[in-house]
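Contents: one structure, followed by commentary.
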Amino acid sequence: MRVFVTGATGFVGTAIVQELLNAGHQVLGLARSAASAKKLTDAGAEVHRGDLEDLDSLRSGATQADGVIHAGFIHDFTRFAEVCEVDKIAIETIGRILAGSDRPFIVTSGTALISPGKLATENIIPPVNPDWPRASEQTADAVAVSGIRAATVRLSPSVHGDEDKHGFIPILVNIAKEKGVSAYVGEGQNRWNAVHRLDAAHLFRLALENATSGARYHASAEEAITVKTIAEAIGKQLNIPIISVAPEVAAEHFGWFSHMAAIDCPTSSQWTQEHLNWHPTNVSLLTDIENGIYTNAGRNAGSDA
């Protein structure tokens, strides 16, 4: 299969490209810079120049493909509503090209807001949240009715592994370095789920090859890890105190990230594992933290679209 991949040189996208190539697929990767193009060429993929806001490049890439994985997103939280709209338009644009073809179209979403406080499962469709502008899943559902096998891979809040520069763990590490303490909110018993990026990439390939239109697949290898446990692991690595921050001052400590620091989002992937024969095999989140990949000198949070 010839697969058009957006976000092909990002943290997860790089692993997806390699996973597809190793499985014998051809990859046409979206690249917005010469450096990104070289990265794709070096990996053995074809280069398609453009970006998520260049709709002509998206149309052209989708036209040339037997299937599409949309893993790109502009990680600029200072203009979150705007980049969510870019994401929505990109999905709609690709969808119009694939319409009526029954080609698979895998869209990326997340598990964090599916069912806060309760175990999230693949059959739960979260209600529209006016305070959360990202609409990847709803847009995928909308384009699926036009004769596309559009499905969604929901990523964990922590997709971890080497080269993670803009994920939630680097954000927590940077806050801990800045404040001199590794903190959690309240008792810290709120739970995140997690997945290694290589396991996530494997799931994207399986979803592409076996997509059922309208399906939601959970890239969640670990159902529930308390944020207190994560904070303790970070504090131990940085050799700084580990503290509790009261909910009423969490925004002062964590800034814009306070909501995610307090969210409780345990997530099951049982249905995904059974239906796609997906079985995560890579190391756990805590193992990655304990191995120092997030706390060694020179690792900083950034952004990659």
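The values are calculated or read from the model by the stated rules, or taken from the named source; none is laboratory data. Bear in mind the structure is a predicted one, so any value in this text is a computation, not a measurement. Please note: Cβ atoms are built from the backbone with ideal geometry, for glycine as well, and neighbour counts cover all protein chains shown.
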What are the pairs with Cβ atoms under 9 angstrom where one residue, in region 68-81, is outside the structural domain of ILE171 (by TED's automatic domain parsing) and the other, located anywhere, is in a helix (DSSP H, G or I) and of a type in the set (Ser, Thr, Tyr)? Sequence gap at least six, or different chains.
HIS70/SER136; PHE73/SER136
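Conditions (1) polar (S, T, N, Q); (2) under 16 Å from ALA176 (Cβ atoms); (3) in contact with a helix residue (DSSP H, G or I) (Cβ under 9 Å, 6 or more places away or on another chain), marked per residue:
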position: LEU206; (1), (2), (3): no, no, yes
position: ALA211; (1), (2), (3): no, no, no
position: ALA221; (1), (2), (3): no, no, yes
position: ALA233; (1), (2), (3): no, yes, yes
position: VAL245; (1), (2), (3): no, yes, yes
position: GLU252; (1), (2), (3): no, yes, yes
position: GLY255; (1), (2), (3): no, yes, yes
position: THR267; (1), (2), (3): yes, no, no
position: GLN273; (1), (2), (3): yes, no, no
When (1) farther than 22 Å from VAL145 by Cα; (2) in contact with a helix residue (DSSP H, G or I) (Cβ under 8 Å, 6 or more places away or on another chain) are applied to PHE80, the one that fails is (2)
Looking at ASN282, ASN239, ASN277, ASN210, can you tell me which residue is in contact with a Leu (Cβ under 8 Å, 6 or more places away or on another chain), surrounded by fewer than 20 Cβ atoms within 10 Å (Cβ to Cβ) and at positive phi?
ASN277
Unique match (being assigned to a helix (DSSP H, G or I), of a type in the set (Val, Ile, Thr), closer than 19 Å to HIS160 by Cα and in contact (Cβ under 8 Å) with a residue 60 or more places away in the chain) among ILE225, ILE234:
ILE234
For ALA207, state whether it is assigned by TED's automatic domain parsing to the domain that holds THR111, under 30 Å from LEU276 (Cβ atoms), among the hydrophobic types (A, V, I, L, M, F, W, C) and not in a strand (DSSP E or B).
yes
For ASN123, indicate whether it is touching a residue at least 24 places away in the same chain (Cβ under 8 Å), in a helix (DSSP H, G or I) and surrounded by fewer than 24 Cβ atoms within 10 Å (Cβ to Cβ).
no
Filter result (within 23 Å of ALA224 (Cβ to Cβ), of a type outside the set (A, V, I, L, M, F, W, C) and in a helix (DSSP H, G or I)) within region 254-264
SER258, HIS259
For region 53-82, give me each residue that is part of a helix (DSSP H, G or I) and buried (at least 20 other Cβ atoms within 10 Å of the Cβ).
LEU58, GLY61, ALA62
Determine, yes or no, whether ALA261 is more than 18 Å from the chain's Cα centre (by Cα), of a type in the set (A, V, I, L, M), modelled with pLDDT of 95 or more and within 21 Å of GLY186 (Cα to Cα).
no
Under the condition of being under 16 Å from GLU82 (Cα atoms) and among the small types (Gly, Ala, Ser), which residue from region 126-147 is surrounded by the fewest Cβ atoms within 10 Å (Cβ to Cβ)?
ALA135
